[in-house]
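Below is one structure, written out as structure tokens; the observations come after it.
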Amino acid sequence: MDLNHNIPPYITDRKNIIRLILFTAIFALIFINLYSPFDNTLIYKVAERFNLHNLELLLLVSSSLIILTGVLVVVISRIILYRVNKRGIKISIGRYLIWIAIEIFAMSMFYALYEKILIKDSGSFLDSFKISVRNTALVLLLPYSVTWLYFSWIDKNKMLERLRESGDGGFDVKDMVTFRDEKGTMRLSLKLTDLLFIQAADNYVTIVYNHHSKMAKYMLRSSLKLIESEFMALPLIRCHRSYMVNFEKVKIIRREKDGLKIELDSVPPAEIPISKTYMEDVFKAFGHNIS
């Protein structure tokens, strides 16, 4: 696994983030109640202090409290991750693994403080934290791994389905690009050789293409992130937060006072800006290093 490679777009998809949070919460609740990885003697101390007799109910309530605390950490973390990705900041697999490690650390700290402050455990805080790290890692890493595999499987199935549909009518799948809106409804299908660039604005994208030797536009309710995930196998390069270009149409890359610009082979010639965030990817596509 290349840790410098960017995480797949489905990791930061809003619906998948919600699925991840729900699955993690359910898994953690079942895991804690079945295997009791946390120190239940703490619960017994609470029962003695408040003269409670229904230990099963107390264990369920206390474990649910721990899960809600942990899920709150995951919710906040994933909202931040979603916002970071929305701003066009790329996250490599290596950075994502560090992100998960920080989530585990934060959840472990919550539980250790819960044990020390609320339960007033007399043991060492460091010992409690070490145990919490081990248990929290199990609670998070297992559902994270399962959901990653599931999202990857779903994404590949969607990609295969799109390739099959694009191949209808005798065309090579590499020759056609089929665009769908955010609901999955097919809106536009055109030859890759006619596609110039895609521009994003709010919740819409504008697809710019050649039509009868003129530049035509088609507005679609979607996002560049979604399009990027759908056409990873095609030569569509993200060069800016708001732009993707058909790399086969790139004619010139030149440096101007306000930065780098891409000039496309179109009539009239289209100029697309290159942002610093995506500069390295564009030059890699050309097979050159940035100087």
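Excluding Trp99 itself, calculate the net charge of residues whose Cβ lies under 14 Å from the Cβ of Trp99, where each Lys or Arg counts +1 and each Asp or Glu counts -1.
+3
For the residue pair Leu141 and Leu126, what label-to-label distance in nm results when each label sits 7 Å from Cα along the Cα-to-beta-carbon direction?
Those two pseudo-labels are separated by 2.3 nm.
About the Cα centre, and with charges only on the beta carbon of Lys, Arg (+1) and Asp, Glu (-1), how big is the dipole of region 225-265? Nearest 20 debye, please.
In debye, rounded to 20, region 225-265 gives about 200.
Grab the other residues whose beta carbon is less than 15 angstrom from that of Tyr150, score K and R as +1, D and E as -1, and report the net.
Local charge sum for Tyr150: +2.
Amide H of Ala270 versus every other amide H placed in the peptide plane: which residues, excluding those fewer than 5 positions away on the same chain, fall under 5 Å?
So Ala270 has HN proximity to Leu264.
Just grab the label-to-label distance for Leu149 and Leu68, each label 7 Å out from Cα along the Cβ direction, in nm (one decimal).
Roughly 3.3 nm, to one decimal.
Could you work out how far apart the two model spin labels at Asp194 and Ile252 are, taking each label as a point 7 Å from the Cα in the direction of the beta carbon, and quote it in nm?
2.8 nm
Taking the mean number of other Cβ atoms within 10 Å as a proxy for protection, how do you rank 14-23, 182-191 from highest to lowest?
Sorting 14-23, 182-191 by mean packing, highest first, produces 14-23, 182-191.
Rule-based calculations on the coordinates, nothing more; no lab input. Keep in mind it's a predicted model, so treat the numbers as computed, not measured. So basically every Cβ, Gly included, is an ideal-geometry build from the backbone, and we count neighbours across all protein chains shown.
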